[in-house]
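No lab work stands behind these numbers, since they all come straight from the coordinates. Keep in mind that this is a model prediction, so the values were computed, not measured. Please note: Cβ atoms are built from the backbone with ideal geometry, for glycine as well, and neighbour counts cover all protein chains shown.
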Amino acid sequence: MAPDSRASILRFENVNVSFEGVDVLQDLTFEAVEGESRVILGAAGSGKTVLLKTALGLVRPDSGKVLVFGRDITSLREQQLFEIRSKIGMLFQESALFDSLTIEENVAYPLLNQKCIHCPKEQVHPRVVEALDFVELGGTLEKFPSELSGGMRRRAAIARAVVTVPPLVLYDSPTAGLDPITAHTIIALLIKERDISHTTTLLVTQRYQDGNLIANFRYNSNRGGLEPAGNGAGPGARTIFMVLREGRLVFEGDQDQLEASTDSYITKFVKQRV
Amino acid sequence: MVASEFGDPPILLDILKEPVLAVQEFFLLMGRAFRNFVRSPHYPDDIALQMDTIGVGSLQIIAITGFFSGAVMALQMYHALAIYGQVSKTGTLVSLTLVRELGPVLTALMVAGRNASGIASELGSMKVTEQIDAMRALGTDPVQKLVTPRLIATAFMLPLLVIIADFVGMFGGWVISHFVLTLPSKQYWSTVWRALDWSDVTQGLVKPLVFAVVISLIGCFYGLRTTGGTQGVGRATTQAVVMATVLVFILDLLITKIFVGQASS
């Protein structure tokens, strides 16, 4: 494969993470370039969430380097990490909306608290409304997270993750625990965000269907919906699949290579292309 | 290593490692919480909210505790002093025990039970639902946003609550002295007033200040290190209350020793 000329957004170099003597990530090396989508598959406990948290600097690796936008974050202090984190959107597994704040306050939170996001106060409300309209939750401004359904909470959390228009967005199991229709809606939103804002996307999931949609569909802004995009989801974008097993990267490649794999662990996640 | 050289299994070191690490983490949290006093951003709204929860919210229970501890002290002291024919000193003893010991300790125990548990469960729930991680991801230091406001609010409100508890306790003592023991009101209040000197008042205010730091930080500490879902939240809450209560007693003895040592030297 020819070396990619696009800018490196996220790079892991021989990263090792362990908790209380248990290795969670082992010698992990990969690089995500600008505009790329990466779908990370793996069984529960294979280190997918820890990978995303390490990319955000929430978890510090025992060894190895994590370069985000070309800057090694492993040696940065918490206060210095805030600048890097302001360029990364993160959707947490259980949404992690602040339950004492309304949806409006939740979505406004990064705009008001990220030091590097200089958003004038009068622009906060319009941007929050815009972000909530993007996820089709315009009427929920005054509601609290507990008043919303699981799928709506997930959408509100997506709005919070993308309200600052970050160039890199990390999604941790966005469809976990949702019914298939809601799960499809969530992935459609991810594709919409990726294709409108041209973000680099890391998607952690246990569902191959999610990765299949990400890889093969693109958002048509004229029609306002998804359409098949052929291999690579459109010009400039490509989707790479990664499979983690007990903290090790056991597969990295495109969808064709993934489906051609005969490894019994990998084939567990793969179903035939829709 | 050392244990192995002497032929002992290194199990003892492993057992000690965890509590020593916990103490180290507690002091690191304390350091970060105090450092945030001079580091922006500050969260005055959160401080005000916590003052309301910890201070105003505890007022009722503090008043009840103070009243009955003052009343029971009057009753007990009257009968003890009657042996020596010194019942006129009832107010003195009620005043001294309340201001030096019962006011600060009982108020701290009430606040520990009410607020150390509340803080630990709130922060613990936030931890297990990844809200603490989300806060860090969204550009906020959880210590600055959650711990420092609770520390400031408790350190400000607990001494005030103690002052209220002391006065309500003295009133409780008067109710018993006047209506049950039929001691003259003027005598009671003058002995209450004359019993106290500045070192008593200082002691009565230094104690709640120290207790406040411990109660709020223990609550935050156990809350922020919660693991293991809702069961973990319950465990963190219990540990916070038990540890805060035990530390209140230990620190009470230490502070009393310092003040008594100063007075006798």
Would the stretch A:71-82 turn up any residue that is surrounded by 18 or more Cβ atoms within 10 Å (Cβ to Cβ), touching a residue at least 24 places away in the same chain (Cβ under 8 Å) and either within 14 Å of chain B (Cβ to nearest Cβ) or under 30 Å from A:Gly224 (Cβ atoms) (or both)?
yes
Which of the residues belonging to the stretch A:96-116 are assigned to a loop (DSSP other than H, G, I, E, B) and either buried (at least 17 other Cβ atoms within 10 Å of the Cβ) or out of contact with any helix residue (DSSP H, G or I) (no Cβ under 9 Å at 6 or more places or on another chain) (or both)?
A:Ala96, A:Leu97, A:Phe98, A:Thr102, A:Gln114
Taking the stretch B:84-135 as the region of interest, how many residues are among the hydrophobic types (A, V, I, L, M, F, W, C) and away from chain A (no Cβ under 14 Å)?
16
Looking at (1) in contact with a His (Cβ under 8 Å, 6 or more places away or on another chain); (2) more than 14 Å from every other protein chain (Cβ to nearest Cβ), which is the only condition A:Ala108 fails?
(2)
Of all residues in the stretch B:39-74 being among the acidic types (Asp, Glu) and surrounded by fewer than 17 Cβ atoms within 10 Å (Cβ to Cβ), the one that is nearest to B:Arg100 (Cα to Cα):
B:Asp52
Go through B:Leu151, B:Leu146, B:Leu161, B:Leu138 for me and flag whichever is away from every other protein chain (no Cβ under 13 Å), buried (at least 22 other Cβ atoms within 10 Å of the Cβ) and within 30 Å of B:Thr227 (Cα to Cα).
B:Leu151
Being of a type in the set (Gly, Ala, Ser), in contact (Cβ under 8 Å) with a residue 24 or more places away in the chain and under 28 Å from B:Ile258 (Cα atoms), is that true of even one residue in the stretch B:118-138?
no
Would you mind finding the one in A:His198, A:His125, A:His184 that is in contact (Cβ under 8 Å) with a residue 60 or more places away in the chain and surrounded by fewer than 21 Cβ atoms within 10 Å (Cβ to Cβ)?
A:His198
Here are A:Pro145, A:Pro61: which of them is touching a Leu at 6+ places or on another chain (Cβ under 8 Å) and under 17 Å from A:Ala32 (Cβ atoms)?
A:Pro61
